[in-house]
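The values are calculated or read from the model by the stated rules, or taken from the named source; none is laboratory data. Here the structure is a predicted model, which means the values were calculated and not measured. Note: ideal-geometry Cβ built from the backbone for every residue, glycine included; neighbour counts use all protein chains shown. Keep in mind that these areas ignore ligands, DNA and RNA; they rest on the heavy atoms of the full protein, side chains included. Shrake-Rupley method; radii C 1.70, N 1.55, O 1.52, S 1.80 Å.
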Amino acid sequence: MEKKKFYITTPIYYSSGNFHLGHCYTTVICDAIARFKRLDNYDVFYLTGTDEHGQKVENNAKKENMTPKAFVDKLHEQIVSLWKLLGISYDKFIRTTDDYHVKSVQKIFQKLLDNGDIYKSEYEGMYCTPCESFWSEGQLLDGKCPDCGREVKLMKEESYFFKLSKYQDRLMKLYEDNPDFISPKSRLNEMINNFLKPGLKDLCVSRTSFKWGIPVPFDDKHIIYVWVDALSNYITALGYLSEDPTLFNKYWPADLHMVGKEIVRFHTIIWPALLMALGVEPPKRVYGHGWLLFGGDKMSKSKGNITDPFLLCDRYGVDAVRYFLLREVPFGNDGVYTNLAFLNRINADLANSLGNLVSRTTAMINQYFDGVLPKPSEKEDLDDELINMANSLYGKLTKHMDELLIQEALEEIFKLISRANKYIDETTPWILAKDPNKKARLGTVLYNLSETLRIIAMYLSSYLIEMPQKIMDCFGEKLPKTFDDKNVVFGQLKPGIKVEKSGVLFPRFNIDKELAEMDKLLDSAKKEEPKKEEQKKEDIKKEISIDDFSTIELKVGKILECEKLEKSKKLLKSKVEIGNETRTILSGIAKYYYPADLVGKSVVVVTNLKPAKLCGEMSEGMILCAEDKNGQVVIVSPEKLVESGSIVS
Ligand code: MSP
């Protein structure tokens with residue numbers, strides 16, 4: 001039977017370097033889905049890559065005295081080694097500087113022109129070079145870039161425009177006809193309310209202000225706008241408009257574009273409109289996942305969080321990092337990384353639940369049966385619950401994975417692990433072992449546990465890289481490449497096979513000691529980054545007296561309503577209850593929070609800040625936030641529930 005195809009993509013990553021754990025999120029998620037689908041007999045094509053053009057790259061390369069190509073080559077090497085370390089099983093890695101991509105993007109641009117979807121006009125706006133963005137006057141904050149706060153300059157450019165507005169109705173119809181096209185649902189509503197309903201404007205798709213990009217084929221003064229170049233990767237990688245479109249004919253449309261929530265708009269508005277203009281089917285589904293935030297943790301004594309995936313993998317292994325990313329973040333929403341949360345999660349699940357089950361089972365078979373797998377014979381009712389749970393896992397996992405409920409899928413596997421640990425406590429093999437008449441029953445119990453482990457290892461192999469094979473090694477077995485009618489059913493291990501003791505499958509950490517170790521690791525990593533430290537010193541503000549401090553009034557507020565400020569990319573507008581009054585407060589956090597995520601949240605507000613007009617709206621106070629060295633911003637919230645209006649001092 002011919003396999004069903006499954007084409008899955010991550011966004012192509014910016015060539016900016018300094019990859020942190022958050023960057024690994026999209027890729028690890030896609031890898032787990034791709035691995036699961038391969039096991040589930042799909043013909044999977046998993047694409048990832050790097051987004052290597054743009055003014056930022058041109059500028060950064062100049063700063064490092066390198067050519068842009070040499071600069072992106074260095075970062076390409078870095079990201080490929082990161083994906084290797086994390087066991088990312090992509091089928092193709094595309095670079096937007098690859099020749100075939102450049103040629104196809106030029107053909108795409110020509111086709112858009114030929115079809116009447118591109119016209120030449122003039123673009124005028126305030127331009128922020130680091131953000132590669134034009135802003136209208138109304139969007140600027142204090143005359144500066146609303147995204148990064150840096151100086152902007154007025155620029156007028158002759159530009160080509162894509163007739164995005166023409167596709168407004170067809171996009172709406174696409175959403176209506178395909179309710180799963182954008183998920184989760186909240187992101188669909190945001191696209192409709194914030195972008196389609198107010199009306200789409202034509203999109204400027206070329207630049208003349210820099211050189212590092214793909215030249216417009218019929219006007220080489222112009223460079224093709226980075227997003228047209230970048231989005232096209234999903235089809236150029238398959239050979240669209242090339243001499244060999246075999247992969248394109250086989251795999252397109254994409255079954256899943258997995259993207260972070262901040263780039264859902266590009267993938268659900270600009271991308272399908274471009275495809276419509278090209279006469280190409282839109283992708284089947286775009287999923288906008290939440291972010292991994294790097295939080296403070298009151299319970300943690302750590303000085304900071306380790307956010308470098310190389311450091312974490314080096315010390316804790318790839319499975320710990322993958323497991324944390326897949327299990328800790330409620331899929332679709334944001335999740336928080338702290339050193340403590342990381343240690344707690346791997347200790348509880350990998351060391352205690354799974355590690356214990358494997359070491360207890362294999363040790364008892366060695367102790368009571370000389371390391372030979374016993375034959376199951378004397379069955380009791382108690383066994384059925386375990387066996388049924390193991391047998392029903394396939395159905396549950398395929399359903400969860402189809403619905404992209406990755407956390408729930410892992411939870412199901414760990415429910416079986418807990419059930420098996422409980423089964424040991426209920427059947428008490430060490431007591432059975434004392435009674436020679438109970439040898440057959442003891443054999444059945446240990447067989448059932450071994451078979452449960454086989455099933456667990458098989459399913460875990462979509463999510464983890466090393467531990468599943470280590471479990472199978474205890475039974476001298478290989479992990480299967482695909483699920484089949486036999487291996488998803490309980491009872492496949494052959495009695496009589498040799499069973500090796502597992503040893504320590506995953507070490508258990510003493511949390512306090514390990515947190516201190518993590519601090520040391522951070523310290524030594526920081527010593528290697530003197531530049532950043534120097535920069536930090538410049539940021540230290542001058543000392544103030546307690547009287548100075550007491551002039552600032554801080555109160556607890558509760559966010560009643562929150563929405564995006566239409567005129568700004570950066571600002572959220574919140575109605576905040578502070579005791580008996582309600583204030584409107586604007587905060588530059590639209591990049592970090594979805595409005596709906598903030599409603600009901602308790603926050604700390606500077607209440608005696610002089611009201612200020614931002615983008616034409618009055619803001620009556622300031623919501624306190626913290627920003628880490630990676631630029632991740634989180635709201636400061638009281639540790640426990642406290643009435644709004646309470647004084648913070
Ligand atoms: N180059 C564009 C995508 C073009 S696709 C045609 C881009 N690149 S990126 O490097 O900034 O982001 C790549 C992926 O990493 C995105 O899905 C982004 O959401 C994800 N993440 C980066 N930081 C993240 C977190 N802290 N948490 C989770 N994922 C985040 O956007």
inquiry  = If the reach is capped at under 15 angstrom between alpha carbons, list the aspartates and glutamates near LYS144, excluding any in the same chain fewer than eight residues apart.
reply    = GLU132
Spin-label pair LYS153/SER637, simplified geometry with 7 Å Cα→Cβ offset, distance in nm = 4.3
note = Under the Karplus relation with 6.51, -1.76 and 1.60 and θ = phi - 60°, whole-Hz ³J(HN,Hα) for the stretch 558-575, x at Gly and Pro, equal 10, 6, 8, 9, 8, 8, 6, 7, 4, 6, 10, 7, 9, 8, 10, 10, 10, 9
key: Whole-Hz couplings from phi, Karplus 6.51/-1.76/1.60, listed for the stretch 321-336; x for Gly and Pro   = 5, 4, 4, 4, 4, 6, 9, 8, 8, x, 4, x, 9, 7, x, 10
remark   = Here the gain from full extension of SER121 to ARG315, 0.36 nm per residue of separation minus their alpha-carbon distance, amounts to 64.3 nm
Farthest toward positive dipole pole in the stretch 549-648 [+1 Lys/Arg, -1 Asp/Glu at C-beta], among LEU614, ILE552, LEU641 = LEU614
key: Eligible lysines near LYS520 by straight Cα distance, threshold 24 Å, same-chain separation 8 or greater   = LYS298, LYS301, LYS303, LYS531, LYS532, LYS536, LYS537, LYS629
key: Unit charges on C-beta of K, R, D, E only; dipole of the chain, Debye   = 420
note = In terms of the charge dipole of the chain, which places +1 on Lys and Arg and -1 on Asp and Glu at the beta carbon, the residue among THR398, PRO272, LEU446 farthest towards the positive end is LEU446
key: Solvent-accessible ranking of TRP227, TRP135, largest area first, probe 1.4 Å   = TRP227, TRP135
inquiry  = Given axes a ≥ b ≥ c from the Cα gyration tensor, I'd like to know whether the stretch 182-251 is rounded (a/c under 1.5), prolate (a/b larger than b/c) or oblate.
reply    = oblate
key: Lysine pairs meeting the criterion (Cα under 16 Å, 8 or more apart or interchain), as found in the stretch 344-477   = 5
request  = List the residues whose amide H sits under 5 Å from the amide H of ALA612, counting only those 5 or more places along or on another chain, with H placed 1.01 Å from N in the peptide plane.
outcome  = SER619, GLY621
task = Give the long-range amide H neighbours of ARG95: residues separated by 5 or more places, or on another chain, with amide H under 5 Å away, using H modelled in the peptide plane at 1.01 Å from N.
result = THR50
ask   = In deg cm²/dmol, rounded to 500, what helix-only [θ] at 222 nm does the chain give when every DSSP H run of at least 4 residues adds -39500 (n - 2.57) and the total is split over its residues?
value = -12000 deg cm²/dmol
task = Compute the Cα gyration tensor for the stretch 1-153, then decide on rounded, prolate or oblate, letting a ≥ b ≥ c be the square roots of its eigenvalues: rounded whenever a/c is under 1.5, prolate when a/b is larger than b/c in the other cases, and oblate in all that remain.
result = prolate
query = How far, in nm, would the chain grow between ILE647 and ILE511 when pulled straight, counting 0.36 nm per residue and subtracting the alpha carbon separation?
reply = 45.5 nm
query = Considering amide H positions built from the backbone, and no H for Pro or chain starts, which residues 5 or more places from CYS562, or on another chain, come under 5 Å of its amide H?
reply = LYS575
ask   = Which value, in Å² and to the nearest 10, is the accessible area of THR129 when all protein chains are kept and the probe is 1.4 Å?
value = 30
note = Taking Cα atoms only, helix 168-177 is inclined relative to the longest principal axis of the chain by an angle, in degrees rounded to 10, of 20
query = Angle between the Cα long axis of helix 381-402 and the longest principal axis of the chain, 0 to 90 degrees, nearest 10?
reply = 20
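Could you order LEU200, LEU405, LEU641, LEU112 so the one with the most accessible surface comes first? Probe is 1.4 Å.
Solvent-accessible surface, decreasing: LEU641, LEU405, LEU200, LEU112.
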message = Please compare each pair in LYS201/LYS570; LYS478/LYS513; LYS261/LYS567; LYS5/LYS261 to a cut-off of 28 Å on the Cα-Cα distance and tell me which ones are over it.
response = LYS478/LYS513
ask   = Straight-line reach from LYS211: which lysines have a Cα under 22 Å away, not including same-chain ones fewer than 8 places off?
value = LYS56, LYS62, LYS63, LYS69, LYS74, LYS103, LYS107, LYS120, LYS153, LYS156, LYS221
remark   = Accessible-area order for SER15, SER646, largest to smallest, probe 1.4 angstrom, reads SER646, SER15
request  = Quick one: accessible surface of LYS166, probe radius 1.4 Å, all protein chains present, in square angstrom to the nearest 10.
outcome  = 110
Integer Hz, Karplus 6.51/-1.76/1.60 couplings in order for the stretch 636-649, x for Gly and Pro = 8, 10, x, 5, 10, 5, 9, 4, 5, x, 4, 6, 9, 9
task = Treating the angle as unsigned and between 0 and 90°, give the value, to the nearest 10°, between the Cα long axis of helix 406-427 and the longest Cα principal axis of the chain.
result = 20
